[in-house]
Every structure is written in structure tokens, then in C-alpha cells.
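Colleague: I'd like to ask you about the structure that follows.
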């Protein structure tokens, strides 16, 4: 399928064009998706289209943690059953979802909106770092977990945050790095394997 | 990402649900697409959603060839520069697009809407075969090209159509089957290779 494919219907052509604007969707897949929609009921397709319009027009970001939200304060921040004394700092919304999926964490979050990356022109002022300091200043937080990616930029950001947060009586921790569970040792990269030996933990029977 | 993933936003959850209804789109991809839409302008997303609604509500099928169309007679059938004496019979709309993309065909089409397949309960009456006979009866058609898939069902349908069309003074042809251009002989299946030897063509310098 070439870029100048002529469709017998302008409507179909438009639908293919819109689908192929999405990341990872080529012209061929876009056509398959458009033809799929044609086989659905009018109500279903109306619902399909309007869902995205509603998402874009009505979405808000939580005033507290900057997570995506339908309200001024998100469901997680306003959930009184959660531990408001622990805050997990993450790079973006996906990371909140990933951690929520583990069902291992019952504290709150703070979405930075990125990591410090001079190469990409992203400095501390571009991230929600001041807002994190303000949350720390309230004195309600006992522990801040830095859950940024173990990359150069993530480590830089961790170090910057640690320096900024050190003056508060708050425990600062980072997520454990090591061999992925279920992975063969021989396929682990040597830096991870080396670190996992240095940071070995006492053997426990689960 | 599990099926009961809790999103902090119902709007986001709905968008992910709608995307993952599409064929070949899982929850993870659906989330990536929904977050992508959030980064686009409100106008773009409005346009995105409304395009599919318009497609579904306003699409028509050509009265002549049953191809997808914005009007009662499609752009191909109403194009006077095309050769109206040749009709290419195809299974579905995708096949029209595929053949159009080759830019080698300037005749008209007839979309059957499937092939005869007793296993799937599809008989001749479920397909646009009567309409093809009616087109043949007008006496305007000189050649009908059967361009169905070279499968058991396609061959059955070819045979059925040939029997129905034999009484007209119309040349009936089928698309050439053989080794794909650019393919190595050793990877061709033996039935295709065998047929391509039987149906060998005189050598021509292009």
C-alpha cells in the first residue's frame, strides 16, 4: 500500500489517514481497522469516536500528584484507605499504571513528567520537582520512594531529588535493581548482574 | 497489564477499552494510543473521533459493483476514462484496493462479498452473483476476469461463475498463478511450482 493509494471512498480514505497518524499503525493496519469499524453497529462506532473526544476534552491532571484524573484530585490521592505518608516518585503516567498493576503498593504517587536530561533540554524547572518539595514541606510524608528508570538520566534525577529532599525528616529509598525474576542468569547484562551481587540480600524462604 | 487494570481516570479507562476492541490491539498498545491522543490538540482529536463516526454513518455501497462508496455509484464505476467492457470479479473491498494499487488495471470491478464456502454456510445466494449475471445480460461486457484467491473455495466459486456466465458472449479469464516475482524457487510450494511449469509462457524480453 503506497502513500498515494486512491480509495473509492473519501470517507474511507479519511479514516485510514486518521488511523495511520497513530504511532505504530501503518497504512495497511489502518485500512484493516477502518474496514473493521464498518462492520460494527452505528451506535458502537459513535461510541468509539466520542470516547476519544471526551477523553481529550474532559481530562484533568491531579492537583496533588499530577497523575491523569477526571477530577481536581485523582482517585488515588483521594482514596483514604491508601497510605498518605508514602509517596512514590515516577517519571510518567504509564509508570503509575505499571506499579498499580503489581498491587504491591498502597501509598500515593508523584508524577514528575520526565527526568532531567540536558541532551533533550529538560532541566529541573521543566519537571514537577517544586511541587514535590512543597508536598515534602507539609511534614505529612514519612518516606519517598524514587522509582525512576535505572538510566543515566534517571540516576541524575534521583541524585538531584535526593539533594533537594535531604533536609527533610523523610526516608528516601529507591526501587531494587537486579536480575529480573524468571530470567536466566546468562542472559542478564553484566552491569545488572554485578550490581545484584554487590546489593545481595539475605536469603529468605517465601 | 491485566484485564482488571484500574485507571485513575474513567475517561482513560474507556478510551483504552475502545481501542482494545480493535482487532490486533492489546491493552498495552491501547493505552499507548490513548496517551498519544492526550498529547494531540483538541481539534485533532475531535477530527479523529468524528472521522470514524462519519465513515460509519455516511458510507454507501456502489449500486453497480458493490464496492464501498460515498455515492450511489462509486468513483471507479462512474469514471468514464475507465474501460467499462472489462469487469474484474473480486472477493472483497481490500482486493479492489490491492488491484488498484498495481496501477495495471483500468477496467471496472464486481465485489462478490465472499466466496462460496459450504463449510462456513456461504452459498451462491449469499454473494452478489445474481447482480453479476445482470451486468452480463446488458451485453456491454466483453471480458470478465475472475480474480478470486487460489484456494479451494475460490476455485469452486470460479467454476460456479464460469458455468453461469458461459452462455454469454463474454471472454472469461482468471489471474495468472505462479511463482511470486522476487521469490527464490526453492521456497515456492510444490503445487505452485508444478502449476507454473505446466502453465509456462513464451519467453519475452520486457
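Read-outs: derived from the displayed coordinates by stated rules, not from any lab. If you're wondering where the values come from, they're calculated on a predicted model, not measured in any experiment. Note that we place each Cβ from the backbone using ideal geometry, even for glycine, and neighbour counts take in every protein chain shown.
Colleague: Running a GNM on chain A with Cα contacts under 10 Å, which residue among A:75, A:131, A:40 ends up with the highest mean-square fluctuation?
Modeller: Largest GNM mean-square fluctuation: A:40.
Colleague: Within segment A:82-117, what residues put their amide N at less than 16 Å from the label point 7 Å along the Cα-to-Cβ vector of residue A:180?
Modeller: Of the residues in segment A:82-117, A:98-99, A:102 have backbone N under 16 Å from the label point off residue A:180.
Colleague: Between chain A and chain B, with a rotation axis joining them, whose C-beta in A is nearest that axis, and what is the whole-Å distance?
Modeller: A:49, 2
Colleague: Give the calculated FRET efficiency between residue A:94 and residue A:200 to the nearest 0.05, with a Förster radius of 30 Å applied to their Cβ-Cβ distance. Present the calculation step by step, with values, prior to reporting the outcome.
Modeller: On the way: r = 30 Å, r/R0 = 1.01.
Efficiency, from the Cβ-Cβ distance: 0.50.
Colleague: Sticking with this structure for a sec: Using a label point 7 angstrom from Cα along Cα-to-C-beta, what distances in nm, from shortest up, separate residue A:119 from the other copies?
Modeller: Label point to label point, same position, other copies: 5.2 nm.
Colleague: So, one more: Would you mind calculating the relative contact order of segment B:64-206 from Cα pairs under 8 angstrom and at least 6 residues apart, reporting the percent as a whole number?
Modeller: Working: 174 pairs, mean separation 28.6, N = 143.
Worked out over segment B:64-206, it gives 20 percent.
Colleague: Provide the percentage of antiparallel DSSP beta bridges, counting only those with both residues in the protein assembly as shown; round to the nearest 5. Mind dumping the intermediate values first?
Modeller: Details: 6 of 32 bridges.
Taking every DSSP beta bridge with both residues in the protein assembly as shown, the antiparallel ones total about 20 percent.
Colleague: How shielded is B:75-88 by partner chains, expressed as the average number of their Cβ atoms within 10 Å of its Cβ atoms? Can you show the working numbers first?
Modeller: On the way: counts 5, 2, 1, 0, 1, 0, 0, 0, 0, 0, 0, 0, 0, 0.
Mean partner shielding for this stretch: 1.
Colleague: Order by neighbour count: A:88, B:62, fewest other Cβ atoms within 10 Å first, most last.
Modeller: Values: A:88 21, B:62 24.
Neighbour counts put them in this order, fewest first: A:88, B:62.
Colleague: How far is residue A:180 from itself in the other copies, in nm, if each label sits 7 Å out from Cα along the Cα-Cβ line, shortest first?
Modeller: 3.1
Colleague: Can you list the equivalent-ellipsoid semi-axes of segment B:1-112, largest first and in whole Å, using the square root of 5 times each Cα gyration tensor eigenvalue?
Modeller: The three semi-axes for segment B:1-112 are 39, 16, 12 Å.
Colleague: Here is a follow-up. Report the residue, chosen from A:111, A:16, A:87, that carries the largest GNM mean-square fluctuation when chain A is represented by alpha-carbon nodes joined by springs under 10 Å.
Modeller: Greatest mean-square fluctuation among the candidates belongs to A:16.
Colleague: Okay, moving on. What are the nm distances, shortest first, from residue A:191 to its equivalents in the other copies, labels at 7 Å along Cα→Cβ?
Modeller: Inter-copy label distances (nm, one decimal, shortest first): 5.3.
Colleague: Please order A:170, A:93 by the number of other Cβ within 10 Å, starting at the fewest.
Modeller: Values: A:170 18, A:93 22.
Listed from fewest to most nearby Cβ atoms, that is A:170, A:93.
Colleague: When you look at the Cβ of every residue in A:63-71, what mean number of other chain Cβ atoms sits within 10 Å?
Modeller: Values: counts 0, 0, 1, 0, 3, 8, 6, 7, 3.
Per residue, the average neighbour count from other chains is 3.
Colleague: Which three extents, in whole angstrom, do the alpha-carbon atoms of segment A:94-206 cover along their principal axes, largest first?
Modeller: 43, 36, 27
Colleague: Okay, moving on. In which sequence would A:110, A:36, B:66 go, from the one with the fewest C-beta neighbours within 10 Å to the one with the most?
Modeller: Numbers: A:110 26, A:36 14, B:66 23.
Fewest-to-most ranking of A:110, A:36, B:66: A:36, B:66, A:110.
Colleague: For B:167-173, what's the mean count of beta carbons from other chains sitting within 10 Å of each residue's beta carbon?
Modeller: On the way: counts 0, 0, 0, 0, 0, 0, 0.
So the per-residue partner count for this stretch is 0.
Colleague: Another question, if that's okay. Looking at segment B:1-143 only, what percent of DSSP beta bridges run antiparallel? Nearest 5 please.
Modeller: Details: 3 of 9 bridges.
About 35 percent, rounded to the nearest 5.
Colleague: List the equivalent ellipsoid semi-axes of chain A in whole Å, largest first, each obtained as the square root of 5λ for an eigenvalue λ of the Cα gyration tensor. Write down the numbers at each step before the final one.
Modeller: Working: eigenvalues 324, 118, 65 Å².
Semi-axes from the Cα gyration tensor: 40, 24, 18 Å.
Colleague: When a/c is below 1.5 the answer is rounded, else prolate if a/b is larger than b/c, else oblate, so apply that to segment B:55-119 with a ≥ b ≥ c taken from the square roots of the Cα gyration tensor eigenvalues.
Modeller: Values: a/c = 1.71, a/b = 1.11, b/c = 1.54.
Oblate is the answer for segment B:55-119, as a/c is 1.5 or above yet b/c matches or exceeds a/b.
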